[in-house]
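The next block holds one structure in the form of structure tokens; read it before the comments.
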Amino acid sequence: MTKVKAVLFDLDGVIFDTEHQYSVFWGEQCRLFHPEDPGLEQRIKGQTLNQIYEQLFSGSLEPMRPVVTERLNAFEAAMTFDYVPGFQDFLGLLHKDGIKTAVVTSSNREKMKAVYKQHPDFTQLFDIILTSDDFTGSKPDPSCYLTAARQLNVTPDACIVFEDSFNGLRAGKAAEMRVVGLSTTNPATAIAPLCDVVISDYHELEKIDFLLK
């Protein structure tokens, strides 16, 4: 196995424990626009905004997209961004070992402004940060992770992806990278077939030691 040279992190559910907040927001929107489909917000977890719009806000609901976007921007500006337990210590270990790090998120730059406001040092923690504005294909398209590898000047087989969503996990596998799944958003049993190992948070590092060698 090629020695790991870079670790690539998704954002929500991987770096920040935010998924429960998004469940609140999308639960409100789904009950408003799709009252006939209870629990719909649970089934769209991990999808990009464009994917949600294509699925839920097409046809007669397409004119509502700007309204929902405005609501989402306001919601994200007021969100709290708490780190997934153990993340900061794990990141410190990677830096100590000289392993490059990147954020690869489907979030847009407007959302990242809220992140930077709460964590002014965030951009200094990673070698690169890629948002939806930096690539065209949405996960599960692997282009986002392949773009990160190119920018870090490492090969895909020297990368580990940390993801929580089904589409993100598929993107990591499609990029032919090692994949760690976090069960912060979906049950461990559901995501296990899509990754090399599953952890609940970064206090379970013993589970991924074999991947870091």
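The values are calculated or read from the model by the stated rules, or taken from the named source; none is laboratory data. Note that the coordinates shown come from a computational prediction; the quantities given were computed from them, not determined experimentally. Reconstructed Cβ throughout: ideal geometry from the backbone, glycine too, with neighbour counts over all protein chains shown. Heavy atoms of the whole protein, side chains included, go into the accessibility calculation; ligands, DNA and RNA do not. Shrake-Rupley method; radii C 1.70, N 1.55, O 1.52, S 1.80 Å.
Annotation: of all residues in the range 134-146 being without any contact (Cβ under 8 Å) to a residue 60 or more places away in the chain and open to solvent by 20 Å² or more (accessible area, probe 1.4 Å), the one that is nearest to Asp12 (Cα to Cα) is Pro140.
Among the helices (runs of 4 or more DSSP H) lying completely within the range 1-119, list those that include at least 3 residues that are under 14 Å from the mean Cα position of the chain (by Cα) and modelled with pLDDT of 95 or more.
Details: elements: 19-33, 40-43, 49-56, 65-77, 87-96, 109-118.
Passing ranges: none, list empty.
Of the residues making up the range 172-188, at least one is in contact with a Lys or Arg (Cβ under 9 Å, 6 or more places away or on another chain), at pLDDT below 95, farther than 16 Å from Ala6 by Cβ and not aliphatic (A, V, I, L, M). Within the range 1-28, the residues that satisfy the criterion of being open to solvent by 10 Å² or more (accessible area, probe 1.4 Å) and in contact (Cβ under 8 Å) with a residue 40 or more places away in the chain are Met1, Thr2, Lys3, Lys5, Asp10, Asp12, Asp17, Glu19, Gln21. Quick check: is even one residue across the range 149-166 in contact with a helix residue (DSSP H, G or I) (Cβ under 7 Å, 6 or more places away or on another chain) and at pLDDT below 95? Within the range 149-166 (the criterion being in contact with a helix residue (DSSP H, G or I) (Cβ under 7 Å, 6 or more places away or on another chain) and at pLDDT below 95), the answer is yes, since at least one residue qualifies.
Given Phe122, Phe81, Phe126, Phe87, which one is without any contact (Cβ under 8 Å) to a residue 12 or more places away in the chain, in contact with a strand residue (DSSP E or B) (Cβ under 9 Å, 6 or more places away or on another chain) and closer than 14 Å to Leu11 by Cβ? Spell out the reasoning first.
On the way: Phe81 fails: without any contact (Cβ under 8 Å) to a residue 12 or more places away in the chain; Phe126 fails: without any contact (Cβ under 8 Å) to a residue 12 or more places away in the chain; Phe87 fails: without any contact (Cβ under 8 Å) to a residue 12 or more places away in the chain.
Answer to the check: Phe122.
Within the range 120-156, the set of residues being out of contact with any Asp or Glu (no Cβ under 9 Å at 6 or more places or on another chain), over 17 Å from Arg109 (Cβ atoms) and part of a loop (DSSP other than H, G, I, E, B) comprises Asp121, Asp127, Gly137, Pro140, Asp141, Asn153, Val154, Thr155.
What tally of residues in the range 180-213 results from selecting those that are aromatic (Phe, Trp, Tyr) and within 17 Å of the chain's Cα centre (by Cα)?
Going through the range 180-213 one residue at a time, the tally reaches 1.
Checking each residue in the range 147-179 for being free of Cβ contacts under 8 Å to residues at least 40 places away in the same chain, over 15 Å from the mean Cα position of the chain (by Cα) and open to solvent by 40 Å² or more (accessible area, probe 1.4 Å) picks out Arg150, Asn153, Pro156, Ala174, Glu176. Scanning the range 184-212 for residues that are closer than 18 Å to Lys139 by Cβ, open to solvent by 40 Å² or more (accessible area, probe 1.4 Å) and not in a helix (DSSP H, G or I) returns Thr184, Asp196.
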